[in-house]
Amino acid sequence: MLAALRWVRRNAAAYAVDPARVAVLGSSAGGQLAVAAATHGAGAARTAGAVALSPVALPYRAWLDGGAPGATAAGRRLRASAERLAGCVPDGTPEVSADPACRRAWRSLDPRRAASGRDDAPMLLLHSAGDWVPAYHSEAVAAAERARGMPAGDVRVRVVPGAGHGMRLLADPAVVGEIEGWLRKRIG
């Protein structure tokens, strides 16, 4: 994601693109990437905003939830995906894992650690009420950003009716309209 955004900036003139008006949108794991682009370093220097649909913003929490008694099939699949993403199975929390490489891997996946507030790109984070990636993933990111000085209006978590996940949220014209309005406000 970061390499792609650098490429867009370097090649913007060739494609008549204003690099100050580039935003990212991602769904599910792609939503995690959109959040990472917004929060990595000074995210606002790379993107004018990030829209994330059902972002898996807290892979370690998803890993824990997927191993809990009564976890859904989707939750168990998400747990396995989080393990593949980190490249290891944690032997404790990311703060106390005995394996330093595993500890670093899991910690690096948590955008709350990278949140810098005003330097980060504005974010619109959407989930459905019945989403199998719960809204607390996004609420935790928003809380971290606000705690570091991001204006409340620059990070919005929205839970919409239904049980859609990721791109399925776009089946609702009201959601599409909200995204379009948010992007217009941010990038014109």
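Only the coordinates and a few stated rules stand behind these numbers; no lab work does. Everything numeric here is computed off the predicted structure, so don't read it as measured data. Ideal geometry is used to build each Cβ from the backbone, glycine not excepted, and the neighbour counts take in all protein chains shown.
The convex hull defined by the C-alpha atoms of region 1-127 has an orientation-averaged projected area of 8.5 nm². Compute a Gaussian network model of the chain, connecting alpha carbons closer than 10 Å, and tell me which residue from 155, 176, 56 fluctuates the most. Residue with maximal mean-square fluctuation among 155, 176, 56: 176. Compactness of region 50-188 was expressed as the Cα radius of gyration divided by 2.2 N^0.38 Å, which yields 1.11. Hey, what angle do you get for helix 73-86 against the long axis of the chain, alpha-carbon based, 0 to 90 degrees rounded to 10? Taking the Cα atoms of the chain, the angle to 73-86 is about 80 degrees. Among 60, 136, 15, the largest mean-square fluctuation in a Gaussian network model of the chain, built with springs joining Cα atoms closer than 10 Å, belongs to 15.
One quarter of the convex hull surface built on the alpha carbon atoms of region 59-109 amounts to 3.0 nm², the projected area averaged over directions.
Have a look at 135, 163, 144 and tell me which one the Gaussian network model of the chain (Cα, springs below 10 Å) gives the largest fluctuation. Answer for the Gaussian network model of the chain: 163. Can you give the net charge of the other residues whose Cβ lies under 9 Å from the Cβ of residue 60, counting K and R as +1 and D and E as -1? Within the 9 Å Cβ shell, the charges total +1.
Counting only alpha carbon atoms, the long axis of helix 2-11 and the longest principal axis of the chain meet at about 20°. The antiparallel fraction among DSSP beta bridges confined to the chain stands at about 0%. Converting phi to 3J(HN,Hα) with the Karplus coefficients 6.51, -1.76 and 1.60 and the offset θ = phi - 60°, region 144-154 yields 5, 5, 5, 5, 9, x, 5, x, 3, x, 8 Hz in sequence order, with x at every glycine or proline.
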